[in-house]
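Structure first, commentary second.
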Amino acid sequence: MARRALGRAWSLYISSPAAECSISGSTGCQSVRYSTAVEAKGLTQLKAFLREDSGKKISKTIRKGGRVPGVVFSLPQEQELLVSFAAKDIETQLLRLGRTGWGCHIFDVAVMNGDGKKMTHYPAVGRQVHITADTDVVENVTLIHCPPDRHVKVAVPIQIFGEEVCPGLKAGGRINHISRKVRVLARGDSIPESFELNVSALNVGDKLHFSDLVIPENVKLLEDVAAPALKIMRK
């Protein structure tokens, strides 16, 4: 059942603008990783095991064992951390967060050693998910190491509210979602989960623009503030 739902919600290849990760500061990724569970408190944890090699044959073996191959990229040095996640954990997060939500969510990637007794914690934002179209199997995932003081470009989903009292919708109109997400630059500890737009006072023909969004102080909007985000259209 979970896989059927996953197939409806996701396309074959999912790419977040987090892939365009922009780094500020000169601190090396490995030197600023989380080292204790206390520092990672409050983040959604994804437990992972290190894997030594990559390749189709190895990845196939990993998937047969109920796990998903993954890579955590540590920019700007482009260092890679090869890991694997439990398939059920990845599917749970994809279903919970949705397509855009994966690409702006910070996870605590808890990498366990061979005996599973010790963890090293890496805060990381979702980047890409590869899903097989005919079977809905998650082939692999990638994330970007994102410490709290690092700035990244992400696309944050727009949530709409006020539809039940919207005059334009009551008159038979519909919402034209010109954009369903907002590109922003934010620190790793300040990435918004979503932005809200209130349509409760809109009539047919009215628009809401990116300037109508409430942007937190530590977040920089990368959209044209004069551009419309949605419009109430006639059916």
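Nothing in this text is a laboratory measurement; each read-out follows from the coordinates by a stated rule. Computed from a predicted model, the values in this text were never measured in an experiment. Cβ sites come from the backbone with ideal geometry, for glycine too, and all protein chains shown count toward neighbours.
Structure shown: which of Lys56/Lys153; Lys64/Lys117; Lys60/Lys88; Lys47/Lys118; Lys181/Lys231 lie over 21 Å apart, alpha-carbon to alpha-carbon?
In this structure, Lys56/Lys153; Lys64/Lys117 exceed 21 Å between Cα atoms.
Normalised by the number of residues in segment 153-234, the mean separation of alpha-carbon contacts (under 8 Å, six or more apart) gives a relative contact order of 41 percent.
Amide H contacts of Val137: Thr132, each under 5 Å away and 5 or more positions distant or on a separate chain (H built 1.01 Å from N in the peptide plane; Pro and chain starts excluded). If a spin label sat at a point 7 angstrom from the Cα of Leu95 along the line to its beta carbon, the backbone N atoms of segment 137-163 nearer than 19 Å would be those of 137-141. The calculated Kirkwood hydrodynamic radius for segment 153-234 is 13.1 Å, given to one decimal from all distinct C-alpha pairs. Taking amide H as placed 1.01 Å from N in the peptide plane, the amide H of Lys47 sits under 5 Å from that of Ala110, each at least 5 places away or on another chain.
Rounded to the nearest Hz, the phi-derived 3J(HN,Hα) couplings of segment 224-234 under the Karplus curve 6.51 cos²θ - 1.76 cosθ + 1.60 (θ = phi - 60°) are 6, 4, 7, 6, x, 9, 7, 8, 8, 9, 6, where x marks glycine and proline.
The aspartates and glutamates within cross-link reach of Lys207, meaning a Cα-to-Cα straight distance under 20 Å and a gap of 8 or more places when in the same chain, are Glu163, Glu164, Glu196, Glu223, Asp224. Karplus-based coupling profile of segment 64-72, in residue order and whole Hz: 5, x, x, 10, 10, x, x, 9, 9, with θ = phi - 60° in 6.51 cos²θ - 1.76 cosθ + 1.60 and x standing for Gly or Pro.
Remark on Lys181: its backbone amide H falls under 5 Å from those of Ile158, a criterion applied only to residues 5 or more positions apart or on other chains, H modelled at 1.01 Å from N.
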